[in-house]
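The values are calculated or read from the model by the stated rules, or taken from the named source; none is laboratory data. It should be emphasised that the depicted structure is a prediction, and the values quoted were computed from it without experimental measurement. Positions of Cβ are backbone-derived with ideal geometry, glycine not excepted, and every protein chain shown enters the neighbour counts.
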Amino acid sequence: MDIQPFLIGGEWVQGTGSAFDSTNPANGKLNKRVAGASAADVDQAVRNAHRAQRDPKWRNTLPHERARLLHRVADLIVERGDLLANVQMRENGKLFSECRTQAAAAAGAFRYFAGIVETMVSEVAPSRGPHVANVIYEPFGVVAAITPWNSPLTLEAQKVAAAIAAGNAVVLKPSEFTPGPALELGRIFLDAGFPPGILNVVTGLGGETGLALVQHPDVRMISFTGGTATGRAIGRIAAERLVPVALELGGKSPHIVFADADLDAAVDGVVSGIFTSSGQSCIAGSRLFVEREIYDDFLARVVERTRALKVGLPDVAGSQIAPLSSFVHRERVESYVKSAREDGGTILIGGKRPDAPELQAGAFYEPTIIAGLTNAAKACRDEIFGPVLCVLPFDGEDDLVEQANGTTFGLGCGIWTESYKKAWRVARAIESGTVWINTYKELSVAVPFGGFKDSGVGREKGYYGIRVYQEPKTILWGMK
């Protein structure tokens, strides 16, 4: 069987690390075997990136010239959108329609940062003496970008577009579950005319390829999206090496419904907020808090709406709930549902694999709603990262805020109320990087994204999303 190579310095190489299989979670079939990068391969990739970034042909590229190349990448992503969507769908099981949307968003990220790099300015600080002080922003050099399996098309685009717009070279390490989109992005970079080595893609296992990458002495900045435990491990390595990190980690987002909300809209927001992407989203609204006076009625409506969702193959029209990303991950989700039962939770719907014959070969799991737990239960405390919604009542704002903040995470939050004053008070009180009011999971590359507490360090996206990949430098001109 042919092995899919990875990209170093503009060349496709087989590498000397541990090869691994890419499996389609919708049917359990082998997609392909993928080459793994050893520590020696990672060293070669970083050295190529370092050399390419320091080459005057790249370092002296003017911002509008970098923007032109980024726009060309966006054009190619659009041209190959269906191909990219198919690659992602086969590897992580997302609905094809969602994959197409994410391909379009990836192109949008490259266009956004192309616009930023062409128009951003340096600064002149107020004078405090006989001098003029310029503040300019320099690239770090080589950036390690490490991405998860749930939304590789968009997450890889956001990191790579910003880091390269900032003038860096990137070594991209995708999840071993979803190597395909990153490899296709590497091919697009070559076709767009980027210098070889500005984007390198190394595939492999986290403990081998990823570890070698974050430990490499020529990697001067690390950007990671993924689980909090891995983020902590990377943070420890980065602290020892004194290199900056951007860590976008887990979430256990509270989704809050007050009695005065537009309940029809809130039902839609709650159901899509947890069950879109089969719950495999860091900002999934996985803890539903409902004001007690409407708790029973609203919960019944959410259950009814969930019952109507269609679990199906990701490339079949009408499917709304696709498989989980892998069979191993499904077992993890099942273990959390089991723990909820043991903690006294009541499964109102779901809690099992679907019965349909055509789904038996895939990693499918029914959308699940659990009531009767306290906020201290494991299923309410840990990030399950699956189609599992835990529902809890609350009595008043103080009780709500205490429960909503009663987690180590702080990534997203949704609030439904017709009172703008109440919405403002609660939004300010919740410890969360993003708060949605009377909507949920509306995303934009133009606003900062990140989390409080164990949900991460730093912010990506938005105007200052490019600054996370640059270092400020002050130049003082004596005028006396």
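State all residues of segment 405-426 that are within 10 Å of Lys252 (Cβ to Cβ) and surrounded by 19 or more Cβ atoms within 10 Å (Cβ to Cβ); if no residue qualifies, say none.
Thr407, Phe409, Gly410, Leu411, Gly412
How many residues, within segment 346-365, are buried (at least 16 other Cβ atoms within 10 Å of the Cβ) and in a loop (DSSP other than H, G, I, E, B)?
8
Residue-by-condition table, conditions (1) modelled with pLDDT of 95 or more; (2) outside any strand (DSSP E or B); (3) not hydrophobic (A, V, I, L, M, F, W, C):
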site: Ser223; (1), (2), (3): yes, no, yes
site: Ala246; (1), (2), (3): yes, no, no
site: His255; (1), (2), (3): yes, no, yes
site: Ser272; (1), (2), (3): yes, yes, yes
site: Val290; (1), (2), (3): yes, no, no
site: Arg301; (1), (2), (3): yes, yes, yes
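From (1) outside the structural domain of Thr408 (by TED's automatic domain parsing); (2) surrounded by 18 or more Cβ atoms within 10 Å (Cβ to Cβ); (3) more than 24 Å from Ala157 (Cβ to Cβ), pick out the condition that doesn't hold for Arg220.
Going through (1) outside the structural domain of Thr408 (by TED's automatic domain parsing); (2) surrounded by 18 or more Cβ atoms within 10 Å (Cβ to Cβ); (3) more than 24 Å from Ala157 (Cβ to Cβ) one by one, Arg220 breaks only (3).
Which one is nearest to Cys282 (Cα to Cα), of the residues in segment 408-434 that are aromatic (Phe, Trp, Tyr) and not in a loop (DSSP other than H, G, I, E, B)?
Of everything passing the filter in segment 408-434, Trp416 is nearest to Cys282 (Cα to Cα).
Within segment 116-171, how many residues turn out to be touching a residue at least 60 places away in the same chain (Cβ under 8 Å) and either within 30 Å of Glu208 (Cβ to Cβ) or not in a strand (DSSP E or B) (or both)?
Matching residues across segment 116-171 total 34.
Being touching a Ser or Thr at 6+ places or on another chain (Cβ under 9 Å) and outside any loop (DSSP other than H, G, I, E, B) is the filter; apply it to segment 435-458 and report the residue that is nearest to Val271 (Cα to Cα).
Going through the qualifying residues, I end up with Ile437.
Output the residues belonging to segment 263-315 that are among the basic types (Lys, Arg) and either touching a strand residue (DSSP E or B) at 6+ places or on another chain (Cβ under 7 Å) or closer than 29 Å to Met89 by Cα (or both).
The answer is Arg287, Arg292, Arg305, Arg307, Lys310.
Residues checked against (1) in contact with a strand residue (DSSP E or B) (Cβ under 9 Å, 6 or more places away or on another chain); (2) surrounded by fewer than 20 Cβ atoms within 10 Å (Cβ to Cβ); (3) over 15 Å from Leu155 (Cα atoms); (4) of a type in the set (Phe, Trp, Tyr):
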residue	(1), (2), (3), (4)
Asp75	no, yes, yes, no
Val78	no, yes, yes, no
Leu83	no, yes, yes, no
Leu95	yes, no, yes, no
Gly108	no, no, no, no
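In segment 272-299, what residues are among the basic types (Lys, Arg) and buried (at least 23 other Cβ atoms within 10 Å of the Cβ)?
The answer is Arg287, and nothing else.
Could you tell me whether segment 392-400 includes any residue that is under 25 Å from the mean Cα position of the chain (by Cα) and in a loop (DSSP other than H, G, I, E, B)?
Within segment 392-400, none of the residues are under 25 Å from the mean Cα position of the chain (by Cα) and in a loop (DSSP other than H, G, I, E, B).
Quick check: is even one residue across segment 326-345 within 28 Å of Asp399 (Cα to Cα), free of Cβ contacts under 8 Å to residues at least 60 places away in the same chain, part of a helix (DSSP H, G or I) and of a type in the set (Ser, Thr, Tyr)?
Taking every residue of segment 326-345 in turn, at least one turns out to be within 28 Å of Asp399 (Cα to Cα), free of Cβ contacts under 8 Å to residues at least 60 places away in the same chain, part of a helix (DSSP H, G or I) and of a type in the set (Ser, Thr, Tyr).
Could you please find all residues in segment 267-303 being of a type in the set (Gly, Ala, Ser) and either more than 20 Å from Ser432 (Cα to Cα) or within 16 Å of the chain's Cα centre (by Cα) (or both)?
Gly273, Ser277, Ser278, Gly279, Ser281, Ala284, Gly285, Ala300
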